[in-house]
Amino acid sequence: MSRIVSFRESLRYWLKLGFISFGGPTGQIAMMHKDLVEKKKWIAEEHFLQALNFCMLLPGPEAQQLATYIGWLMHGIKGGIAAGVLFVLPSVFILWGLSWLYVSFGTVPAVAAFFYGLKPAVVAIVAEAVIRIGRKALKNEILISLAALSFIGIHFWHIPFPALILSVGLVGYAGGKFLPAKFVVGNNKPSKPSEYIISDSYVSQGHQAGWRHSLKVIAVCLPLWFLPVILLGLWLVSSDCCPGLMAWMG
């Protein structure tokens, strides 16, 4: 690693990203790619795309998961927590403000025009993000064809998203075995590890979690993940807030 980014510097970036990350996950991912890969060179493009592919398979917001992963790689647990929290915390207050503005003054012509004016800007942000990430990830006709078929399947044939991901994943697995050159993700010219703080070589030097550690994390986090849902279900069943459910169970 040729240079070190202080925790304070990364904290400032994640806070800034929380205020300007418009356009949904697509726009957020493209913004992180532009900042962290091209400008700041905090993470190599190959590793960024690999992490993005993995986060797409996980339940939940992939953009926040990607930011959390990068923060963890750079500064450990505190870096992951800072990136994950600051990614959404400023957006909460912005969302509250916009929601109050819309509910209170949504019928005012000037306010309604303001919200209508946001639509083409958001569409432009998402379109630019799709083009940016697509150019980096889709490097040959096979990958482009898979992307086109996936769009057709989910938009016109209404294939369930999990089934689509599983099918394309199996195609990619088979392609990696028999046509590995056609399923390479990243630049035609691989990034130089010395240019970036985080690269595959950096991750291999003590930044990979072993199976034992991963199982411990799963054993702790899975109950924490489902605990609110379980408590809410018990509260609904045991209270009078849902009489229809009580009568049905009854």
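The values are calculated or read from the model by the stated rules, or taken from the named source; none is laboratory data. Because the structure is predicted, anything quoted here is derived from the model rather than measured. Please note: Cβ atoms are built from the backbone with ideal geometry, for glycine as well, and neighbour counts cover all protein chains shown.
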| request: Using the structure shown, decide if I20 is in contact with a helix residue (DSSP H, G or I) (Cβ under 9 Å, 6 or more places away or on another chain), within 23 Å of V123 (Cα to Cα) and free of Cβ contacts under 8 Å to residues at least 12 places away in the same chain. | output: yes
| request: Could you please tell me which pairs satisfy a Cβ distance under 6 Å, a separation of 6+ or placement on different chains, a first residue in region 44-62 that is among the aliphatic types (A, V, I, L, M), and a second residue that is at pLDDT 85 or above? | output: A51/L66; A51/Y69; L52/L66; M56/E62; L58/Q65
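Scan region 34-49 for residues that are of a type outside the set (A, V, I, L, M), in a helix (DSSP H, G or I) and out of contact with any Asp or Glu (no Cβ under 8 Å at 6 or more places or on another chain) and report the count. It would help to see each step written out before you state the result.
At the first step, the residues of region 34-49 found to be of a type outside the set (A, V, I, L, M) are 34-35, 38-42, 45-48.
Those left that are additionally in a helix (DSSP H, G or I): 34-35, 38-39, 45-48.
After this cut, where a residue has to be out of contact with any Asp or Glu (no Cβ under 8 Å at 6 or more places or on another chain) as well, the list is 34-35, 38-39, 45, 48.
Of the residues in that region, 6 qualify.
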| Quick check: anything in region 111-128 in contact with a His (Cβ under 7 Å, 6 or more places away or on another chain) and either surrounded by 16 or more Cβ atoms within 10 Å (Cβ to Cβ) or not in a helix (DSSP H, G or I) (or both)? | no
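Give region 171-191 a look and list any residue that's assigned to a loop (DSSP other than H, G, I, E, B) and either modelled with pLDDT of 85 or more or within 25 Å of the chain's Cα centre (by Cα) (or both), or say none. Show your work before the answer.
Step one: list which residues in region 171-191 are assigned to a loop (DSSP other than H, G, I, E, B), which gives 179, 184-191.
Selection gives V184, V185, G186, N187, N188, P190, S191.
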| message | Return the residues of region 148-164 that are part of a helix (DSSP H, G or I) and surrounded by 14 or more Cβ atoms within 10 Å (Cβ to Cβ); say none if nothing qualifies. | response | L149, S150, G153, I154, L164
| field | Criterion violated by V92 - all others in (1) surrounded by 12 or more Cβ atoms within 10 Å (Cβ to Cβ); (2) assigned by TED's automatic domain parsing to the domain that holds F54 satisfied | value | (1)
| Looking at (1) closer than 24 Å to L49 by Cβ; (2) part of a helix (DSSP H, G or I), which is the one condition that is false for K139? | (2)
| task | Confirm whether G76 is on the phi > 0 side of the Ramachandran plot, surrounded by fewer than 17 Cβ atoms within 10 Å (Cβ to Cβ) and either of a type in the set (S, T, Y) or part of a helix (DSSP H, G or I) (or both). | result | yes
